[in-house]
Amino acid sequence: MSHRICTGIGCRKLGKLIEELAGPWLAQQESRLRDRRGRDRLRAEGAGPDHELAFTDRVIATLVIMRFQLPHAALAVFYGVHRSTITRAAGEIRPLLAARGFAVPGRPGVRLKTLADVFAYAAAQGVKLRIDGTEVQVRRPPAGRPGRRAFVSGKKKQNTIKSTAIGDGQGRLLWLGAFRPGRMHDVTALRTDGIEDLLRRYPDVEAEVDAGYQGLARDFPGQVSAPPKKPGKNAAPGDTARWEQQRHQQSSQRICIEHAIAEPKQWRTMQRWTGRREYFQETALAIAGLVSDRAAER
């Protein structure tokens, strides 16, 4: 199960990932046991029965679930444990993967975790950001539940969860966030995460966006570049040709963010999410963080 085909990452990188997560996982387990006991441990650390599923296998099983969206019962057969053991393992490892953040090219010890981190990095390194939205189909909420229509995407005509991706000019993913129901507009989702305040705080940071962010480009014309508006039906041929040239030029500068979005969607869970919606954000952040590691090395 540790093969790259199953986990999505190479064996050497998998070993480094397991070593990185071991400390936080042990601290998480000790904190949970301390809360359950209500006191400090009486026996030495390591005493008592061993875990039915080793920590290394917990990480591998979680990666396989995220990559192929396999049922937990199927993985339980492979490992010879109960289904609840796999479910509990995924619930422990997934938040740790999501909290890692995004790798920075050329700086192994630095990871970007918030939108403010991305803007600070772009301002310090002179990086021109590329911003775009993406959607993943999710299960339809039960009938009668409040807010059911909020997940219906006007573009996809499906129940989706929308997120915003930010990358650099090399097609490397720097951030994924602003998770909102699919009905919300792209620019609205990003504004609710405070991008306007960050643009004012970092006036030197520039960004390329698509037509869905025209309002942001209108409010920050010196920082945000969007495609030009299409001329009317009665426009002169010269104006139409000039618009086509400008649109193509802006699109060629922005296309690298599409490549950054496409890489996480090689994982099955980012193509169509069939699990509980409350776990989608953690899973998407975990996958995007793993993808950013490989992109940063390139």
Qualifying positions in the range 197-222 - under 15 Å from ILE166 (Cα atoms) and not aliphatic (A, V, I, L, M): GLU206, GLU208, ASP210, GLY212, TYR213
Residues (part of a helix (DSSP H, G or I), of a type in the set (S, T, N, Q) and surrounded by fewer than 18 Cβ atoms within 10 Å (Cβ to Cβ)) located in the range 253-273: GLN253, GLN266
Hits in the range 57-91 - residues which are farther than 20 Å from TRP273 by Cβ and not basic (Lys, Arg): ASP57, VAL59, ILE60, ALA76, VAL77, PHE78, TYR79, GLY80, VAL81, HIS82, SER84, THR85
Single residue of the range 162-175 satisfying the filter (out of contact with any Ser or Thr (no Cβ under 9 Å at 6 or more places or on another chain) and not acidic (Asp, Glu)) that is nearest to ALA262 (Cα to Cα): GLY171
Enumeration of residues in the range 80-122 that are farther than 21 Å from ILE195 by Cβ and aromatic (Phe, Trp, Tyr): none
Within the range 74-107, tally of residues that are of a type outside the set (Ser, Thr, Tyr) and over 18 Å from THR7 (Cα atoms): 13
One residue from GLY133, GLY144, GLY101 being without any contact (Cβ under 8 Å) to a residue 24 or more places away in the chain and not β-branched (Val, Ile, Thr): GLY144
Filtered residues of the range 115-125 (kept if surrounded by fewer than 19 Cβ atoms within 10 Å (Cβ to Cβ) and either part of a strand (DSSP E or B) or in contact (Cβ under 8 Å) with a residue 12 or more places away in the chain (or both)): ALA116, ASP117, ALA120, ALA123
Filtered residues of the range 57-96 (kept if hydroxyl-bearing (Ser, Thr, Tyr), more than 17 Å from the chain's Cα centre (by Cα) and surrounded by 14 or more Cβ atoms within 10 Å (Cβ to Cβ)): TYR79, THR85, THR87
Residue ID - surrounded by the most Cβ atoms within 10 Å (Cβ to Cβ), chosen from residues in the range 187-230 that are over 18 Å from ILE257 (Cα atoms) and polar (S, T, N, Q): THR188
Failed item, numbered, when ALA236 is tested on (1) under 24 Å from the mean Cα position of the chain (by Cα); (2) more than 30 Å from ARG94 (Cβ to Cβ); (3) hydrophobic (A, V, I, L, M, F, W, C): (1)
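Yes/no per residue for (1) part of a helix (DSSP H, G or I); (2) touching a residue at least 12 places away in the same chain (Cβ under 8 Å):
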{"residue": "ARG242", "(1), (2)": "yes, no"}
{"residue": "GLN250", "(1), (2)": "yes, yes"}
{"residue": "GLY275", "(1), (2)": "no, yes"}
{"residue": "TYR279", "(1), (2)": "yes, yes"}
Filtered residue count, the range 7-32, keeping only those that are over 24 Å from THR269 (Cα atoms) and in contact with a Lys or Arg (Cβ under 7 Å, 6 or more places away or on another chain): 0
Within the range 126-157, considering residues that are of a type in the set (A, V, I, L, M) and not in a loop (DSSP other than H, G, I, E, B), the one farthest from ARG272 (Cα to Cα): LEU129
Failed condition for ARG294, given (1) surrounded by fewer than 18 Cβ atoms within 10 Å (Cβ to Cβ); (2) modelled with pLDDT of 90 or more; (3) part of a helix (DSSP H, G or I): (2)
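The values are calculated or read from the model by the stated rules, or taken from the named source; none is laboratory data. As the structure is a computational prediction, the values presented were derived from the model and not from experiment. Please note: Cβ atoms are built from the backbone with ideal geometry, for glycine as well, and neighbour counts cover all protein chains shown.
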